[in-house]
Amino acid sequence: MTDRVDSVPDTGPINFKLWLPQWDSRHGRLRCRFQATTVGLTQLNEGTSECMTQFLADLGQTEANNITWSSERYRTTFLSDFPDANGWEDQLALAWDVQIETDSDDDPEDAGTHDPGPHGSHAYDSTFENEDEAGERLRDRVLIIAGTAYGPKVDLASLVSTEGVLSADIGIFEGMVALDLGVLDFPDDVALIDGVLARCREHGLRTNWKEPDY
């Protein structure tokens with residue numbers, strides 16, 4: 001992936017990076033699914049229509065009406081800016097799986113960017129309260145995202161049988177997979193995460209966006 005953050009107009013520090021946008025539509029509703037990571041202290045909580053509208057605008061969809069959304073928090077190594085850090089807090093980026101729907105008859109192929117990112121965003125969730133413990137929970141869901149955007153389809157045969165893997169989602173992006181490890185304890189379960197990462201690398205799959213293709 002190439003870093004797209006610098007292409008965002010300079011309107012102050014960004015709050016999020018947006019990744020792996022996918023667009024589809026049904027019954028006049030345009031849907032975008034993407035992954036968001038926090039930059040600094042800002043996080044997602046319940047979300048607001050203003051926040052979600054800004055996310056869509058940052059992904060190239062400037063018109064948004066009758067918005068609905070959902071988001072689910074997790075941690076992952078793939079979207080981390082510091083994969084070689086010593087602490088698990090930096091190795092496992094805090095992220096959200098976000099889905100937004102809006103009234104639109106736009107063709108999903110033309111609705112917004114299909115570049116995997118990262119895309120900088122100045123969106124802000126006013127429902128988030130900056131509490132010291134908010135970013136330091138010792139239990140979180142973990143997704144091991146692996147593969148190469150627009151690369152070959154991931155062979156799931158041996159990955160899904162790896163210890164700790166509960167399910168696999170190949171719909172996260174073309175050429176990639178998200179292995180759900182469920183809610184884990186930190187730092188106790190870091191060894192389990194490392195085992196799944198090792199299995200992915202054995203199959204030639206990237207486990208961080210900064211890694212070169214194998």
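No value in this document is a laboratory result; all are computed from the given coordinates. Nothing here was measured: the structure is a model prediction, and the numbers come from that model. In this analysis, Cβ positions are derived from the backbone assuming ideal geometry, glycine residues included, and neighbour counts consider all displayed protein chains.
Can you pull out the trypsin sites (Lys or Arg not before Pro) in segment 46-150 that DSSP calls coil and that have at most 12 other Cβ atoms within 10 Å? Please list the in-between numbers first.
Values: sites: ARG73, ARG75, ARG137, ARG139, ARG141; in loops: ARG137.
Of the trypsin sites (Lys or Arg not before Pro), the ones in loops of segment 46-150 whose Cβ has at most 12 other Cβ atoms within 10 Å are ARG137.
The residues packed around MET176, meaning those with a beta-carbon under 12 Å from its beta-carbon, carry a net charge of 0 if Lys and Arg are +1 and Asp and Glu are -1.
Give me the dipole magnitude in Debye, nearest 20, for segment 12-121 about the Cα centre, with unit charges on the beta carbon: positive for Lys and Arg, negative for Asp and Glu. Could you put the intermediate results ahead of the total?
Details: 7 positive and 19 negative charges, 67 e Å.
Roughly 320 debye, rounded to the nearest 20.
Other residues lying with their Cβ under 14 Å from the Cβ of SER126 contribute a combined charge of -4, Lys and Arg counting +1, Asp and Glu -1. Note on the chain: with a GNM built from Cα contacts shorter than 10 Å, the maximum mean-square fluctuation among GLN61, GLN35, GLN22 falls on GLN61. Taking the longest Cα principal axis of the chain as reference, the axis of helix 49-58 is set at about 80 degrees. Rounded to whole Å, the principal axis extents of the Cα atoms in segment 12-121 read 48, 26, 25, largest first. Each of GLN43, THR68, ALA111 was scored by the projection of its Cα onto the charge dipole of segment 12-121, and the greatest displacement toward the positive side belongs to GLN43; charges sit on the C-beta of Lys, Arg, Asp and Glu. Within 10 Å of each candidate Cβ there may be at most 16 other Cβ atoms; applying that plus a DSSP loop requirement, which GluC sites (Glu not before Pro) in segment 14-108 survive? Here the sparse-neighbourhood loop sites are GLU46, GLU63. As a rough guide to protection, the peptides 167-180, 113-126 ranked by mean Cβ packing within 10 Å, highest first, stand as 113-126, 167-180. The angle between the Cα long axis of helix 190-202 and the main principal axis of the chain comes to about 90°, on a 0 to 90 degree scale.
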